[in-house]
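Each remark here refers to the structure printed beneath this line.
No lab work stands behind these numbers, since they all come straight from the coordinates. Here the structure is a predicted model, which is why all the values come from computation and not from measurement.
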Amino acid sequence: MLVCPLCKGPLKYDRERQELVCRVDRLAYPIRDGIPVMLADEARPMTAEEVEALK
């Protein structure tokens, strides 16, 4: 089971964007070639609206 590398919280899989999302830190970690890239430097910052849309 993968968790957010920053807060150790759960991640939600966004199939459409191929990302693992941490709602707490509002970061989206990319999945490239089927492999999650769990580096904070590679994560995409998300707006509050984007996070809400995933619920």
For Arg23, residues with placed amide H under 5 Å, excluding near neighbours: Lys12
Per residue Cα convex hull volume in Å³ - calculated over the chain: 76 Å³
Mean Cα-pair separation over length for the chain, i.e. relative contact order, pairs under 8 Å, 6 or more apart, %: 25 percent
